[in-house]
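Participant: Sharing a structure here in structure tokens format.
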Amino acid sequence: MTGAEPTTAAPDTSRSAELYRSALGLLPGGVNSPVRAMRSIGRDPIFIASGRGAIITDVDGNDYIDWVSSWGPLILGHAHPAIITAVSDAAQRGTTFGAPTEAEVTLAAQVARRLPSVEMIRMTSSGTEATMSAIRLARAVTGREKILKFAGAYHGHVDGLLADAGSGLATQGIPASPGVPASTTKATVIAAWNDPQTVQAVTERHDLAAILLEPVPANMGVVPPEPDFLALLRRQADDHDALLIFDEVISGFRVARGGAQELYGIFPDLTIMGKIVGGGLPAAAYGGRLELMERIAPAGDVYQAGTLSGNPLAVAAALATLERLSDDAYAQLAATTEKLAVGLQDAGSGAGCAIEVQSVPGLLTVFFSARPVCDYEAAKMCDSEAYGAWCRALLARGVYPPASQFEAWFPSLAHTDAQIDRTIEVAGEAFAELEPR
Ligand SMILES: *Cc1c(COP(=O)(O)O)cnc(C)c1O
């Protein structure tokens, strides 16, 4: 070789890179769910081989402190011995029957004990399915079709909810993805989060079946409700005979023992659950008062079904998880979140970076913004380039953050003080490495 020859970057020979090259020809984008591809932080995905506690290990043997926790389900951390035992014991007895089991009744009772607004639940296999079904029920109960949702909120990939706000908020939604019929998003009306005036206008102008919300939005990053906003939504729903539906797929069993409804003292008509309620296996649920839930088949006339709904392995994992979520556990999770949030904010400010760490117990987001983020418009103004560079620097140092500015960090009960300290130290180095802007 001579110096005159063109130089090309050496191909990445890591096992992750090799797997990614194969996966690209076999799975769309190489993954089974988009955010895993890490495109929004400008790098290739990392293939994971194993996890234990708060640590995940990739296929090349690198360890990371994991702050994603499978996007929420793993509140006890990876491979918790009690979950492994519960799931393998259940598997010994059979993986699915398509018939009712005792543990489903126990789980329904546990959920009802925690969530004051829930008396009866129906289980599904994913949060998407639970949302879809809760909306069907709300439409059946009210005899209306329109749903109010908030810009930047995510409720699963339900057709009618994959809606953009179009030219202005508080208008009919337009499809946010090819393949979504305009006729389905027409029934979705979109308002800005934390915007009481628009909510009032929308509830007066449209006959709504439901107001649907994440009581602590975490899919535009964590943007808590402003004081009295949830109370206003409750009042507007009541005054206009619409149902109030809380999507607690993330906040449920996380921000408090009884979810966001307990934390804020505002109670919905229907609650959508997922993530933690599956204990790391595929399960979700929706629930509410008897008189509403008894409209679901076969008690009532609203059809909804699922081959693997209430799956014995998932139910065993859920029961083993909920059993460990005591008041002490919530105090620990809140302390972990607070320590991490304060540490990250100080590290960023110390390095002269314009960041805002927003948190509630069990969830936080590091917004690359000079001002607090109160809605989706503000979240979209964040410096995602800088966020991406910061995440790449964290990953290079063994800390695994959510690979998008619009996602939350998910502290777990497995994270130790030493892991929090290490994360803050590494975050400081990564902030310092960013280009000044
Ligand atoms: C993850 C999520 C869903 C969808 O749940 P899946 O199990 O991924 O279908 C719905 N709502 C919220 C708030 C979520 O975060």
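Participant: Which one of ILE211, ILE296, ILE245 is outside the structural domain of PRO411 (by TED's automatic domain parsing) and more than 18 Å from ILE190 (Cβ to Cβ)?
Facilitator: ILE296
Participant: Which of the residues spanning the range 268-301 are surrounded by fewer than 19 Cβ atoms within 10 Å (Cβ to Cβ) and away from the ligand (no atom under 16 Å from the Cβ)?
Facilitator: Passing the criteria: ARG289, LEU290, GLU291, GLU294, ARG295, ALA297, PRO298, ALA299, GLY300, ASP301.
Participant: Filter the range 404-417 down to residues that are open to solvent by 30 Å² or more (accessible area, probe 1.4 Å) and under 14 Å from LEU364 (Cβ atoms), then give me how many there are.
Facilitator: 2
Participant: Now for a different question. Step by step: first the residues of the range 209-262, then only those that are polar (S, T, N, Q) and within 10 Å of the ligand (Cβ to nearest atom), then the one that is surrounded by the fewest Cβ atoms within 10 Å (Cβ to Cβ). Which residue is that?
Facilitator: ASN219
Participant: A further question follows. In the range 129-168, what count of residues is obtained for those that are within 24 Å of PRO196 (Cα to Cα), open to solvent by 50 Å² or more (accessible area, probe 1.4 Å) and within 15 Å of the ligand (Cβ to nearest atom)?
Facilitator: 1
Participant: Within the range 394-403, is there a residue that is farther than 30 Å from GLU102 by Cβ, open to solvent by less than 20 Å² (accessible area, probe 1.4 Å) and assigned to a helix (DSSP H, G or I)?
Facilitator: yes
Participant: What is the one condition in (1) open to solvent by 10 Å² or more (accessible area, probe 1.4 Å); (2) within 16 Å of the ligand (Cβ to nearest atom) that GLU204 does not satisfy?
Facilitator: (2)
Participant: Of all residues in the range 169-179 being assigned to a loop (DSSP other than H, G, I, E, B) and modelled with pLDDT under 90, which is nearest to the ligand (Cβ to nearest atom)?
Facilitator: GLY173
Rundown of residues vs (1) outside the structural domain of ALA134 (by TED's automatic domain parsing); (2) at positive phi; (3) outside any helix (DSSP H, G or I); (4) open to solvent by less than 40 Å² (accessible area, probe 1.4 Å), yes/no style:
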residue: ALA305; (1), (2), (3), (4): no, no, yes, no
residue: ALA318; (1), (2), (3), (4): no, no, no, yes
residue: GLU338; (1), (2), (3), (4): yes, no, no, no
residue: ALA341; (1), (2), (3), (4): yes, no, no, yes
residue: GLN345; (1), (2), (3), (4): yes, no, no, no
residue: SER369; (1), (2), (3), (4): yes, no, yes, yes
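Participant: So SER125 clears everything in (1) open to solvent by 50 Å² or more (accessible area, probe 1.4 Å); (2) closer than 19 Å to GLY287 by Cα; (3) within 16 Å of the ligand (Cβ to nearest atom) except one condition, right? Which one?
Facilitator: (1)
Participant: Contact list please: Cβ distance under 6 Å, first residue in the range 77-95 and under 23 Å from ALA329 (Cβ atoms), second residue open to solvent by 40 Å² or more (accessible area, probe 1.4 Å), pairs at least six apart or on different chains.
Facilitator: Final answer for the pair search is HIS78/ARG52; ALA79/ARG52.
Participant: Go through the range 288-303 and give me each residue that's touching a helix residue (DSSP H, G or I) at 6+ places or on another chain (Cβ under 9 Å) and assigned to a loop (DSSP other than H, G, I, E, B).
Facilitator: Within the range 288-303, ARG295, ALA299, GLY300, ASP301, TYR303 qualify.
Participant: In this structure, does PHE97 turn out to be hydrophobic (A, V, I, L, M, F, W, C) and open to solvent by 60 Å² or more (accessible area, probe 1.4 Å)?
Facilitator: yes
Participant: A further question on this structure: Of the conditions (1) free of Cβ contacts under 8 Å to residues at least 12 places away in the same chain; (2) in the same structural domain as ALA389 (by TED's automatic domain parsing), GLU291 fails just one. Which one is it?
Facilitator: All conditions pass for GLU291, except number (2).
Participant: Determine which member of the set ARG371, ARG422 is closer than 23 Å to THR336 by Cα, touching a strand residue (DSSP E or B) at 6+ places or on another chain (Cβ under 9 Å) and among the basic types (Lys, Arg).
Facilitator: The unique qualifying residue is ARG422.
The values are calculated or read from the model by the stated rules, or taken from the named source; none is laboratory data. Quantities reported herein were computed from a predicted structural model and do not represent experimental measurements. Here the Cβ is made from the backbone with ideal geometry for all residues, glycine too, and neighbour counts use every protein chain on show. With ligands, DNA and RNA removed, areas are computed over all heavy atoms of the protein, side chains included. Shrake-Rupley method; radii C 1.70, N 1.55, O 1.52, S 1.80 Å.
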